[in-house]
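First comes the structure, then the notes that go with it.
No lab work stands behind these numbers, since they all come straight from the coordinates. Only a predicted model underlies this, so the values are computations on that prediction, with no experimental measurement involved. Positions of Cβ are backbone-derived with ideal geometry, glycine not excepted, and every protein chain shown enters the neighbour counts.
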Amino acid sequence: MVVLVFKLNQLLLLFFLSISLSLFFLKTKKRPLDNLIKISALFILIHIVIFPLFYLSQLKKDSKSFEFDNYIKNIEKDNALNDIRSNLKPNEIEKRLELIKELLSDGNENLYLKLSEIYNSNQIYRLNNFLFIGRINEFEKGPPGTGLKYERLIYIYNIDGIHKKDIVEYVGSVQDTIKGSLFNFLSLEKQILENKLSDFSSLNHEIEKQENFWTYSRILPYVINIFNTDNIKPKSRSANFLFFTHNFIVVVFIIGLLGSSLYSIINQKK
């Protein structure tokens, strides 16, 4: 979905996967304890990493294959909608797009000035309804010594000199910043913003209408407590099979953990 949610899902997966692998390869001097730790590692891997991904895959194929408690479904849906709004900022994009459309329709010949001329002169240019000035800034794109990155900015003011917006683009070389005219630059920015709005509309429709909002981090709290069937109920044939398999494996692991613990306690007494 959005970048922050994607990163959160990655971090959670890596976190539990790391715990599982660390426990699995952990060595102790007592064999019964080794067995207990390895069973626990496999339990974390299967129950907390693999099966939530299976549930997620099932919901991606058919969002109605599981039925969730209405409160849970509504709150997770609202969270997903809020995530894409806070990350993609559609209202801000619409305002920027409106300004760029106004600039493109201004009709003044200065719209067709070459960017190289705008950036090199450092002077204020006038349109029919706006004023603007261009600038190129350079900055390190990573740790010192890794190279420079550049941003080109067009500062936009209304005819009275009141600042409106900055139009910013980040590029890898100075030459990339001075190609074409201001009109070309604005037209490209308009296309980029329209694509972002289209992406937002698609995601919003996917969540709102198709109810495709589940991610690993969202579904995890409801599938790790597998015995609470009030939260999540399987409806389709494949969902029932997945649910049964998950329950069965969890029960087997619980029995295995109890058995290993009991065996370890008995051996210690001996």
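Using label points projected 7 Å from each Cα along Cα→Cβ, tell me how many nm separate residue 149 and residue 235, to one decimal. Simple spin-label model gives 4.4 nm for this pair.
Computing FRET efficiency as 1/(1 + (r/R0)^6) for residue 224 and residue 81, where r is the C-beta to C-beta distance and R0 is 22 Å, gives about 0.35. For the peptides 87-98, 40-51, the ranking by mean Cβ contacts within 10 Å, running from highest to lowest, is 40-51, 87-98. Here r is the Cβ-Cβ distance between residue 195 and residue 247 and R0 is 45 Å; the resulting FRET efficiency, rounded to 0.05, is 0.50.
Extension gain for the segment residue 211 to residue 162, taken as residue separation times 0.36 nm less the Cα-Cα distance, is 13.3 nm to one decimal.
Using the Karplus relation 6.51 cos²θ - 1.76 cosθ + 1.60 with θ = phi - 60°, the per-residue 3J(HN,Hα) values for the stretch 204-216 come to 4, 5, 4, 7, 6, 9, 8, 6, 9, 10, 7, 10, 4 Hz, with x marking Gly and Pro. With K and R counted +1 and D and E -1, the other residues having a Cβ less than 9 Å from that of residue 73 yield a net charge of -3. When the listed pairs 77/233; 101/165; 209/233; 95/149; 77/196 are checked against a 24 Å cut-off, the alpha-carbon distance exceeds it for 95/149. Close amide H contacts of residue 181 (hydrogens built in the peptide plane, cut-off under 5 Å, sequence separation of 5 or more or a different chain): 115.
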